[in-house]
Amino acid sequence: MDKHPSIFEILKRFDTEEKCVQHFERIRWPHGPTCIKCGSTRIMKFKTLGKTKKIRYLYECVDCRYQFSVTVGTVFHDSHLPLTKWFLGIYLICSAKKGVSAKQLQRQLSVSYKTAWYMAHRIRLAMQDDDDFCQKFAGVCEVDETYIGGKGKGPRGRGAANKIPVVAIKERTSGKIRMKALNNVKKSTLASFIRTHAEPGAEIHTDEFTSYKWLDSSEFVHNTVNHKETYVKAGKIHTNGIENVWSLFKRAITGVFHKVSDKYLPLYLNEFSYRFNHREQVCLLYRVLETSC
């Protein structure tokens, strides 16, 4: 495909359970089905009726006689929901710039709220297994932190009460990001995050927050900008890219999810990062399916 597929194209391509199973099979086993128990490639495929009288597409190993489905061991495991709805749910979440709430999935997929929340949660779990999250950034990187949540009115920014600190790093060349919820914004906490996601020698751009002063060493190249005076110094030193990320992420929380608990905030951060990092891809549906295997 040379363009992002419309919802009509997705519905046409994956309009039956059999088509979904065949597509997922090609992704999970590009060289043919393999027994998940003994590794044998001598597999028989057959259809049968499940407990709910729906057709099930199963595989049986000729060598060890183990029966399994294409979804076993994936985010779709132990779900009675048809893959047609799973695929459409993934498409809706991936194609929405700011994400989709469980209530919206409930309405659009004609499922219960509990099922919609379960689907969204499983899809986020698949997103966090993306291999890109393991690669370190190099070159010019922007780092900044913000604060999410909290009840009632009060101070904004650093020092805000009852809010969760979130730090992010953005590699300027690739435009990719990493985000993480923190317990605090102390020097040691921010240092651990930056060392985890940036290659030694990378050029780190931050504001003049004191917890970033340790960067003025031989480990990284450090440049700062004073936001009280200017937002861009010397034409290239700034954190505007990461500020744009915060703007988009906060609009997603306010306009789509309304409220995010500290327990599940890391999953929402991973979902946002995953979608942001792969925004240029034709269809994230296929990539999420690959990470769910």
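How big, in percent, is the set of alpha carbon pairs in the stretch 165-235 lying more than 19 Å apart? Spell out each step's value before the answer.
Values: 855 of 2485 pairs.
In whole percent, the share of Cα-Cα pairs in the stretch 165-235 beyond 19 Å is 34.
Take the Cβ-Cβ distance between SER40 and ASP78 as r, set R0 to 22 Å, and report the resulting FRET efficiency rounded to the nearest 0.05.
0.40
Mind checking which lysines have their Cα closer than 26 Å to the Cα of LYS51? Skip sequence neighbours fewer than 8 apart in that chain.
Of all the lysines, those that pass the test against LYS51 - Cα under 26 Å, at least 8 places apart if same chain - are LYS19, LYS37, LYS85, LYS114.
If you line up the long axis of helix 83-95 against the longest principal axis of the chain, both from Cα atoms, how many degrees apart are they, to the nearest 10?
Once rounded, one gets 20 degrees.
With the crude spin-label approximation of a point 7 Å out along Cα→Cβ, what separation in nm comes out for GLU17 versus LYS186?
Taking the simple label geometry, GLU17 and LYS186 are separated by 5.4 nm.
Within a 10 angstrom radius of the beta carbon, how do ARG287, ARG279 rank from fewest other beta carbons to most? Numbers along the way, then the final one.
Numbers: ARG287 20, ARG279 12.
With the fewest neighbours first, ARG287, ARG279 line up as ARG279, ARG287.
Mean residue ellipticity at 222 nm from the helices of the chain, using -39,500 (n - 2.57) per DSSP H segment of n ≥ 4 over the full residue count, to the nearest 500 deg cm²/dmol?
Working: 9 runs with 100 residues, N = 293.
Per the formula, -10500 deg cm²/dmol.
Determine which aspartates and glutamates satisfy two conditions relative to LYS263: a Cα distance under 18 Å, and not lying fewer than 8 residues away in the same chain.
GLU271
Compute the separation of the alpha-carbon centres of the stretch 247-293 and the stretch 55-96 and state it in Å as a whole number.
Cα centroid of the stretch 247-293 versus Cα centroid of the stretch 55-96: 22 Å apart.
For the ranges 198-208, 83-93, what's the packing order if you count other beta-carbon atoms within 10 Å of each residue, average per peptide, and put the highest first?
My ranking of the peptides, most packed first, is 83-93, 198-208.
Of LYS97/LYS180; LYS97/LYS176; LYS213/LYS233; LYS103/LYS170; LYS163/LYS259, which sit over 23 Å apart, Cα to Cα?
Pairs exceeding the cut-off: LYS103/LYS170.
Nearest 5 is fine: what % of DSSP beta bridges in the chain come out antiparallel, could you say? Write out the running numbers ahead of the final one.
Numbers: 24 of 32 bridges.
Beta bridges within the chain, antiparallel portion: roughly 75 percent.
Rule-of-thumb check for the chain: C-alpha Rg over 2.2 N^0.38 Å?
With N residues counted in the chain, Rg over 2.2 N^0.38 Å equals 1.18.
Every number here is computed from the coordinates shown, using simple stated rules; none is lab data. Quick caveat, the model's predicted, so the values are computed rather than measured. Every residue, glycine among them, receives a Cβ derived from its backbone with ideal geometry; neighbour counts consider all protein chains shown.
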